[in-house]
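**Student:** Got a structure for you, written out below as structure tokens; questions coming shortly.
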Amino acid sequence: MRAIFVGSTGNQPGQTLATWALAIKLKEKGLRVGFFKPYGLLAGTFPPPSGDPLCDSDVLLMRETLGLEESNEALCPITVSENIVPDISGGSGEPLIAKIQESFQRVSAGKDVVVIMGAKEIFFGGGLSGLSDSALVKEFDASVLLVDRYEKDHMTLYSLLSLNSFLDGRVKSAILNHVPPEKIGHVKGKIIPFLQEKGLKSIIPISEDPILSAQTVYSIAGVVGGQIIGSPEKENNLVETSTIGSKHLEGSLSIFKQVYNKIILVGLNPGDASEKPVAGIILTGGKPPGEILLRVARDRSIPIILTPADTFQAMEKMEKVRPPMGKKDEFRVRQFLRLIDREAGEDRWVEALLGT
């Protein structure tokens, strides 16, 4: 059985996305894939379906996508609630290692490879758990996929090289995510060759991409606490941005200019970046729309989100809250894999992690 640890250098580099992408690639190779997250955050803002216990959102996602049968507690033995009070027993140090090892043995049984997802920052690991990701990497003799949010050359170079040294050369693949388009040539021509000279062979730069950062009407409805009415089949419309203005309301949609408590969701059209369709309309204040408005939106196949929040509250939530990834975000991981294949070719990054 092989263990692969997905670590993050911090600042939300796309660790969940990389973990999901890796799991897909491993399954495509015909391997029996398990998942393990030693410590996680209890989902509070976006609870699971009624009747299910609260659980780390990454565990819920990977259980569904991999079809795992192990319990949430086995997949994530140490949890920290939103008020940062550890929901653990045994304190720290050796008792926690024993607890983690026991759970790992359960989830790895019958698997060819287990993907271990680390904390938000590999330098610090589980925070109040008293453990670090680096200790667990060595404990499980795991190869490491390191995910870095590219911002400045020196930060990326320091993070990758120092961690690879500290982990005794276990970083087998690295993903440099969120690279500005104007920097991609520099990263590929200067940064990656330098890192390769220092022993990091598989490094994949991923340019900023509108599909990776897009939300759906469905996810936005969850953020604002709203209900989708009219054209619910369009809940997966991609949303690039939002506006309180009405400049995108043309033709029959002009009738919505008479409605003051509204937010326009501006859509993303991957086929034509210059076209900005209306992906949906949020009606705030909780007052249901009249039949004429519903009919116009239905005729144009535009979903309406009805939320009790006022316009200011809804906009604030959309700006500050990023919902956890779920199965409906499969479009995002597929785009991520397309970008990886374009930059890396074939599956060398996965083979490096497997030691093949």
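**Student:** Give me, ordered by chain and number, the residues 5 or more places off E240 or on other chains with an amide H under 5 Å from its own placed amide H.
**Tutor:** Under 5 Å from the amide H of E240 lie the amide H atoms of V266, G267, L268, each far enough along the sequence or on another chain.
**Student:** Using the Karplus curve 6.51 cos²θ - 1.76 cosθ + 1.60 with θ = phi - 60°, work out ³J(HN,Hα) for each residue of segment 212-225 in order, rounded to whole Hz, and write x for Gly and Pro.
**Tutor:** Taking θ as phi minus 60°, the curve returns 5, 9, 6, 10, 10, 4, 4, 5, 5, 4, x, 5, 8, x Hz for segment 212-225.
**Student:** HN-Hα J couplings of segment 228-242 from phi, Karplus 6.51/-1.76/1.60, θ = phi - 60°, integer Hz, Gly and Pro as x?
**Tutor:** Result, rounded to whole Hz: 7, 10, x, 6, x, 5, 9, 5, 8, 4, 7, 10, 8, 7, 9.
**Student:** Ok, one more. Report, ordered by chain and residue number, the aspartates and glutamates lying within cross-link reach of K152, taken as a straight Cα distance under 14 Å and ignoring same-chain residues fewer than 8 apart.
**Tutor:** Of all the aspartates and glutamates, those that pass the test against K152 - Cα under 14 Å, at least 8 places apart if same chain - are E182.
**Student:** Then there's this: At a Cα cut-off below 18 Å, give the lysines reachable from K234, other chains included and same-chain residues fewer than 8 away excluded.
**Tutor:** K276, K327, K328
**Student:** Apply the Karplus curve 6.51 cos²θ - 1.76 cosθ + 1.60, θ = phi - 60°, to the phi angles in segment 347-355 and return the couplings in whole Hz, x for Gly and Pro.
**Tutor:** 10, 4, 5, 6, 4, 4, 5, 7, x
**Student:** Roughly speaking, what is the centre-to-centre gap between segment 153-184 and segment 323-351 when only Cα atoms are used, to the nearest Å?
**Tutor:** Cα centroid to Cα centroid, the span is 18 Å.
**Student:** Between A98 and M1, what is the FRET efficiency for a Förster distance of 22 Å, r being their Cβ-Cβ separation, to the nearest 0.05? Please report the intermediate quantities before stating the final value.
**Tutor:** Values: r = 19 Å, r/R0 = 0.88.
The computed FRET efficiency comes out at 0.70.
**Student:** Something else about it: Once you compute Rg and the Kirkwood Rh from C-alpha atoms, what is the Rg to Rh ratio for the chain? All intermediate terms of the calculation are to be shown ahead of the outcome.
**Tutor:** Values: Rg = 22.2 Å, Rh = 22.0 Å.
Across the chain, the Cα-based Rg/Rh ratio is 1.01.
**Student:** May I ask what percent, to the nearest 5, of DSSP beta bridges between residues of the chain are antiparallel? All intermediate terms of the calculation are to be shown ahead of the outcome.
**Tutor:** Values: 16 of 47 bridges.
So the antiparallel bridges in the chain amount to around 35 percent.
**Student:** Could you list which residues have their amide H under 5 Å from that of I175, counting only those 5 or more apart in sequence or on another chain, with H placed in the peptide plane?
**Tutor:** For I175, whose amide H was placed from the backbone, the distant partners under 5 Å are L146, V147, D148, I204.
**Student:** Got the relative contact order for the chain handy, in percent, Cα pairs under 8 Å and 6 or more residues apart? Present the calculation step by step, with values, prior to reporting the outcome.
**Tutor:** Details: 634 pairs, mean separation 65.1, N = 356.
Relative contact order, the chain: 18 percent.
**Student:** Skipping prolines and chain starts, which residues have an amide H placed within reach, meaning under 5 Å, of the one on K262, given they are 5 or more residues away or on another chain?
**Tutor:** Under 5 Å from the amide H of K262: T284.
Read-outs: derived from the displayed coordinates by stated rules, not from any lab. Being a predicted model, the structure only gives us computed values, none of them experimental. Heads up, the Cβs are rebuilt from the backbone with ideal geometry, glycines too, and the neighbour counts pull from every protein chain shown.
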